[in-house]
Every structure is written in structure tokens, then in C-alpha cells.
1. Based on this model, can you work out whether Gly4 counts as surrounded by fewer than 16 Cβ atoms within 10 Å (Cβ to Cβ), more than 16 Å from the chain's Cα centre (by Cα) and not aliphatic (A, V, I, L, M)?
2. State whether the residues of segment 97-112 include one that is in contact with a helix residue (DSSP H, G or I) (Cβ under 8 Å, 6 or more places away or on another chain), in contact (Cβ under 8 Å) with a residue 12 or more places away in the chain and not in a helix (DSSP H, G or I).
3. Is segment 45-55 home to any residue that is surrounded by 13 or more Cβ atoms within 10 Å (Cβ to Cβ), more than 14 Å from His138 (Cα to Cα), in contact (Cβ under 8 Å) with a residue 40 or more places away in the chain and hydrophobic (A, V, I, L, M, F, W, C)?
4. Name the residue, out of His77, His58, His97, His34, that is surrounded by 10 or more Cβ atoms within 10 Å (Cβ to Cβ) and over 20 Å from Glu128 (Cβ atoms).
5. Please indicate, with yes or no, whether at least one residue in segment 72-83 is modelled with pLDDT of 90 or more and part of a helix (DSSP H, G or I).
6. Would you be able to say whether some residue in segment 33-44 is farther than 23 Å from Val136 by Cβ and out of contact with any Leu (no Cβ under 7 Å at 6 or more places or on another chain)?
7. Hey, Pro148 hits all of (1) at pLDDT 85 or above; (2) assigned to a loop (DSSP other than H, G, I, E, B); (3) not acidic (Asp, Glu) but one; which does it fall short on?
8. Among the β-branched types (Val, Ile, Thr), without any contact (Cβ under 8 Å) to a residue 60 or more places away in the chain and surrounded by 18 or more Cβ atoms within 10 Å (Cβ to Cβ): is that true of Thr83 in this structure?
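The values are calculated or read from the model by the stated rules, or taken from the named source; none is laboratory data. This one's a predicted model, so the numbers in the text were calculated from it and none came from an experiment. Cβ atoms come from the backbone with ideal geometry, glycine included; neighbour counts cover every protein chain shown.
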Amino acid sequence: MLLGLVIGLGGYTFIYSKGYSYLTNNPAACANCHVMRAQYDAWLKSSHHSAATCNDCHTPHNIFGKYAVKANNGFWHSFYFTTGWYPDTIEITRFDHRVTENACRRCHQNITAAIDGNVVHGKAQGIECTRCHASVGHSDTAAAIPKPVVVGSNHD
């Protein structure tokens with residue numbers, strides 16, 4: 001009976017919260033929660049909009065890692081939003097920051113390899129992409145900026 005209750009409540013919650021949408025690569029799923037609306041709106045206006053989805057930057061680039069991170073984040077997001085124990089300003093965790101840093105370095109490996117190559121012992125210790133590029137992808141201030149219209153662009 002307890003197992004049936006857990007499965008029933010879990011299934012209802014999964015459907016009610018549109019949990020199935022998080023199994024896709026659709027960035028709109030990240031805006032299911034109202035607290036992510038500003039980040040989603042800013043991503044729509046960002047330079048990465050035409051090149052990367054949320055999963056490209058915020059999950060590892062292998063199937064196991066991707067869904068392990070999505071499951072972990074999904075659990076904790078559900079927990080914090082259900083309990084209301086989340087900060088007004090959303091902050092990335094250390095682990096998720098490392099995932100994002102690795103994604104930056106993977107997609108921009110020609111640039112990062114050149115930077116790392118100029119350092120004596122290989123990888124530039126302490127230098128992170130987000131140190132200088134914190135607003136790339138999305139930021140609260142970018143969400144307030146009107147999206148530029150580029151004549152002849154397919155990405156309007």
C-alpha cells in the first residue's frame with residue numbers, strides 16, 4: 001500500500017510539474033518554474049540562443065552524465081521549490097559550475113587551448129570562463145534588454 005501511495009503521488013507530481021518536459025532538450029522546460037523566467041528570457045536574447053540549449057551548457061556531454069545531472073538537479077529543484085527553501089537570487093552550485101565551465105571549454109576549445117597553452121604547467125589554474133563572461137548565455141540584466149533585430153536573420 002505504501003509503495004502504491006509513493007508511486008501514485010510521484011506519478012501525479014511528475015505529470016503536474018511537467019516532469020516529462022525535462023527529459024527533452026527544449027529550453028522552454030527550464031522556464032516551467034517562474035523563478036527561471038528571467039534566465040530563459042535572457043537566453044532568448046543571448047548570442048548562445050542560436051548555438052546552444054540549456055543542456056549544452058548545464059549538463060555533461062554524455063548520455064549517462066546528462067541524465068544523472070538532470071535527475072540530481074530535478075530532485076533538488078523539486079525539493080527546494082516544494083519547501084520554499086530557495087534564495088531570491090538563484091545561484092549555481094559548485095558542481096554545476098564545473099559542468100558549465102567544462103561545456104564552455106569543450107565548445108570553445110580552440111580559444112581555451114590557446115589560453116591554457118600560454119601557461120607553463122598546462123591548464124590555466126584558477127582561470128574560469130565565467131570569471132569574465134558571467135553574463136554569457138543569460139543574466140538578469142540581459143532579460144531586461146530588448147532583443148536586437150538583425151535584418152535578414154533567421155533567428156528573430
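1. Numbers: surrounded by fewer than 16 Cβ atoms within 10 Å (Cβ to Cβ): yes; more than 16 Å from the chain's Cα centre (by Cα): yes; not aliphatic (A, V, I, L, M): yes.
Here the answer is yes, as Gly4 does meet what is asked.
2. Within segment 97-112, one or more residues are in contact with a helix residue (DSSP H, G or I) (Cβ under 8 Å, 6 or more places away or on another chain), in contact (Cβ under 8 Å) with a residue 12 or more places away in the chain and not in a helix (DSSP H, G or I).
3. Residues of segment 45-55 that are surrounded by 13 or more Cβ atoms within 10 Å (Cβ to Cβ), as a first pass: 45-46, 48-49, 52-55.
Applying the additional criterion that residues be more than 14 Å from His138 (Cα to Cα) yields none.
Scanning segment 45-55, I find no residue that is surrounded by 13 or more Cβ atoms within 10 Å (Cβ to Cβ), more than 14 Å from His138 (Cα to Cα), in contact (Cβ under 8 Å) with a residue 40 or more places away in the chain and hydrophobic (A, V, I, L, M, F, W, C), so the answer is no.
4. Result: His77 is the single residue among His77, His58, His97, His34 that is surrounded by 10 or more Cβ atoms within 10 Å (Cβ to Cβ) and over 20 Å from Glu128 (Cβ atoms).
5. Looking only at segment 72-83, we keep the residues that are modelled with pLDDT of 90 or more, and these are 72.
From the residues that got through so far, the ones that are part of a helix (DSSP H, G or I) too are 72.
Checked against the condition, which is being modelled with pLDDT of 90 or more and part of a helix (DSSP H, G or I), segment 72-83 yields at least one hit.
6. yes
7. Of (1) at pLDDT 85 or above; (2) assigned to a loop (DSSP other than H, G, I, E, B); (3) not acidic (Asp, Glu), only one is false for Pro148: (1).
8. Details: among the β-branched types (Val, Ile, Thr): yes; without any contact (Cβ under 8 Å) to a residue 60 or more places away in the chain: yes; surrounded by 18 or more Cβ atoms within 10 Å (Cβ to Cβ): no.
No; evaluated as a whole, the condition is false for this residue.
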